[in-house]
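> Here it is, the structure, as structure tokens.
Coordinate-derived values only; no laboratory data. Predicted model, so just to flag it, every value in this text is computed and none were measured. Ideal geometry is used to build each Cβ from the backbone, glycine not excepted, and the neighbour counts take in all protein chains shown.
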Amino acid sequence: MPLVDLDRFDFLYANRVRGMKTAATRDLMATLSRPGIISLAGGFPDTRAFGEEAFREISGSVAADAAQALQYGPTAGLESIKDVIVEVMAAEGTQASQEEVFTTTGAQQGLDLVAKTFLDEGDGILCEGPTYAGALNAFAAYRPRVMHVPMDRAGMIPAAAREALEKARRGGIPVKFVYTVPNFQNPAGVTMVAERRRELLEIAREFDLVIVEDNPYGMLRFEGEPLPTLSALEQEDGDVDRVVYLGTFSKIFAPGVRLGWVRAQPGILHKINIGKQGADLCSSNLSQMLIASFFENADWRAYVKRLTGIYRERRDAMLDALAEFMPKEVHWTHPQGGLFVWATLPSYLDATAMLPRAIAKNVAYVPGEGFYAGGNGKNCMRLNFSFVEPEKIRRGIELLAEVVRERMELRSDLERGSQRGSRSQAGPRSTGVASGTDKG
């Protein structure tokens, strides 16, 4: 969509839209369709892996019941798709029943409905820093205070979470929920270790909060042992009403069907049901029946295994290329699954300002500041490896490294010029300006 500087209806718009902004990944779409560009930006699954023949088969099976596929459906979803959701959650070690799950038009709608259910203006949300940009956009309409909690290689840091909640309590800010992507986090690729998941549950009990567990990537594990979901850990403890679990078929089937789900206690689902009725009445019967046909008649686990094999190869290609081409001052995460690597540049570089130069060289990424509510992360970038073939990933990282080196050299040239100027004015007593680097 084009930018609009002056809008004659601006005086009529609700206050809540003033803080809303488009996602950087969506804004890049038009640019990324340009021929020849290597996009490491979008979080696209590789739908080419599904295959035309498989699509024809499930489409044919749904066509036999075209009347239902083209009709309105129950707000909470068809029983057939709920059975599939229960099966998928069981495959991840999380028990659920039909009554506990609720279909949404993508997990993105789930985020919006959760925010609509819990948030008043000025309420607090705790989330990782960085966090999923789409969640920030979904929450922004309700004008909350977003508090980012730092992460390390083991995920969200519990001590920092508790400190942020205590500070909010002293400041009179009612924090409604903690939002987390615990597996192969978007954008950082980090996975929260089991011990911290239990600590986070304890913190939620202590402060009487809900945890919103967003788990789109959990089944895309390349290495290591699967970890229990927060929802499963809560069930182990006999406390089954605090975690709101969000799932999606976008990563294990296809994003084009726009179907996700929420698992939560009945009181929360009742509110979400009311919110969804006002939003879109129901999710597409056609999408639900396509998915149900595939999961009932095909080997969906084999398909997910094939996807993880493809993504593992591409993850390895990206990590190898980063190690080969990037300057030693650049650092990055090493995800065990999912779709993303998070790269940290020297602190003096601005990834947003650098993007046009990268696009001119036919490579794209997502600047890091879009994953923070307050504009942090300027020297960071999210790199996606799921949609591009290994040889193109290698070339894209090589081009990106050239851009990073150019910017670093420009900084060095400016510093040398500044030092020469200082010496000519102040004589031998002057000192040079040292630039810091972010060790990530």
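> With θ set to phi - 60° and the Karplus curve 6.51 cos²θ - 1.76 cosθ + 1.60, what are the ³J(HN,Hα) couplings of segment 104-117 in order, to the nearest whole Hz, using x for Gly and Pro?
Per-residue couplings from phi come out as 9, 7, x, 5, 4, 5, x, 4, 5, 5, 5, 5, 4, 6 Hz.
> Tell me the GluC sites (Glu not before Pro) within segment 210-271 that lie in a loop according to DSSP and have at most 16 other beta-carbon atoms within 10 Å.
Working: sites: Glu213, Glu223, Glu234, Glu236; in loops: Glu223.
For GluC sites (Glu not before Pro) across segment 210-271 that sit outside H, G, I, E and B with at most 16 neighbouring Cβ atoms in 10 Å, the list reads Glu223.
> Stick to the Cα atoms of segment 52-299, pair each with every other, and give me the Kirkwood hydrodynamic radius in Å at one decimal. Don't skip to the answer; put the middle values down first.
Numbers: mean 1/r = 0.0539 Å⁻¹.
It works out to 18.6 Å.
> Please report the Cα spread of the chain along all three principal axes, rounded to whole Å, starting with the longest.
Principal-axis extents of the chain (Cα, largest first): 83, 55, 54 Å.
> Of the options Gly370, Ala317, Ala343, report the single residue whose Cα projects farthest towards the positive end of the charge dipole of segment 303-372 (beta-carbon charges: Lys, Arg +1; Asp, Glu -1).
Sorting the options by dipole projection puts first Ala317.
> D for segment 145-263, whole µm²/s, Stokes-Einstein with Kirkwood Rh over alpha-carbon pairs at 4 °C and 1.567 mPa s: what number? Working shown, then result.
Numbers: Rh = 15.1 Å.
Approximately 86 µm²/s, per Stokes-Einstein.
> Which whole-Hz ³J(HN,Hα) couplings does segment 89-97 yield from phi under the Karplus relation 6.51 cos²θ - 1.76 cosθ + 1.60, θ = phi - 60°, glycine and proline marked x?
5, 5, 5, 9, x, 10, 7, 8, 10
> Now for a separate question. Report, in debye and to the nearest 20, how large the dipole of segment 28-145 comes out about its Cα centre when Lys and Arg carry +1 and Asp and Glu carry -1 on their Cβ.
Dipole magnitude for segment 28-145 comes out near 580 debye.
> If you line up the Cα atoms of segment 262-375 on their principal axes, what length do they span on each, largest first, in Å?
Over segment 262-375, Cα extents along the principal axes are 51, 38, 29 Å.
> Taking the chain as the reference, fit the longest principal axis to its C-alpha atoms, fit the long axis of helix 300-325 to the helix C-alpha atoms, and give the angle between the two in degrees, 0 to 90, nearest 10.
Helix 300-325 sits at roughly 0 degrees to that axis.
> Calculated from DSSP H runs of 4 or more alone, at -39500 (n - 2.57) each and per residue, what is the 222 nm mean residue ellipticity of the chain, nearest 500? Present the calculation step by step, with values, prior to reporting the outcome.
Numbers: 15 runs with 192 residues, N = 440.
Mean residue ellipticity, 222 nm, calculated: -14000 deg cm²/dmol.
> Now, a different point. Given H placed on each backbone N at 1.01 Å, which residues far from Val330 in sequence or on other chains put an amide H within less than 5 Å of it?
Sorted by chain and number, the residues that satisfy this come to none at all.
> Taking amide H atoms as placed 1.01 Å from N in the peptide plane, list the residues 5 or more away in sequence, or in a different chain, whose amide H sits under 5 Å from that of Ile38.
Residues meeting the amide H criterion: Val363, Ala364.
> Looking at segment 52-299, send over the antiparallel percent of its DSSP beta bridges, to the nearest 5. Kindly include the intermediate steps, with their values, before the conclusion.
Details: 10 of 28 bridges.
Once the DSSP bridges in segment 52-299 are tallied, antiparallel ones form about 35 percent.
> With each pseudo-label sitting 7 Å past Cα toward Cβ, what's the Ala64-Asp320 distance in nm, one decimal?
Between Ala64 and Asp320, the simple spin-label model gives 4.6 nm.
> What nm distance separates the two modelled labels at Tyr13 and Ser80, each placed 7 Å from Cα along Cα→Cβ?
For the pair Tyr13/Ser80, the computed spacing is 4.3 nm.
> Between Asn273 and His334, what length in nm is gained on full extension when 0.36 nm per residue of separation is reduced by their alpha carbon distance?
Working: separation 61, 0.36 × 61 = 21.96 nm, distance 3.88 nm.
Between Asn273 and His334, full extension yields an extra 18.1 nm.
> Only bridges whose two residues both fall in the chain count here: according to DSSP, what percent of them are antiparallel, nearest 5? Can you show the working numbers first?
Numbers: 20 of 40 bridges.
So the antiparallel bridges amount to about 50 percent of the total.
> Name the most mobile residue of Ala292, Ala138, Ala279, meaning the one with the largest mean-square fluctuation, in a Gaussian network model of the chain with Cα contacts below 10 Å.
Evaluated over the chain, the most mobile residue of the options is Ala279.
> Percent of Cα-Cα pairs more than 21 Å apart in segment 33-139, please. The partial results should precede the final answer.
Values: 3549 of 5671 pairs.
Counting every Cα pair in segment 33-139, those more than 21 Å apart make up 63 percent.
> Using amide H atoms built in the peptide plane, which far-off residues or other-chain residues are under 5 Å from Val149 H to H?
Amide H neighbours of Val149: Cys127, Glu128, Gly129.
> In segment 133-167, which trypsin sites (Lys or Arg not before Pro) are in a loop and have at most 13 other Cβ atoms within 10 Å, using DSSP for the loop call? It would help to have the intermediate numbers written out before the result.
On the way: sites: Arg145, Arg153, Arg162, Lys167; in loops: Arg153.
Those satisfying the criteria are Arg153.
> With only Lys, Arg, Asp and Glu charged, each at its Cβ (+1 for the first two, -1 for the last two), find how big the charge dipole of the chain is about the Cα centre; round to the nearest 20 debye.
Details: 51 positive and 56 negative charges, 357 e Å.
My answer is approximately 1720 debye.
> While we're on this one: In segment 288-358, which trypsin sites (Lys or Arg not before Pro) are in a loop and have at most 11 other Cβ atoms within 10 Å, using DSSP for the loop call? Can you show the working numbers first?
Numbers: sites: Arg301, Lys305, Arg306, Arg312, Arg314, Arg315, Lys328, Arg357; in loops: Lys328.
Qualifying residues, ordered by number: Lys328.
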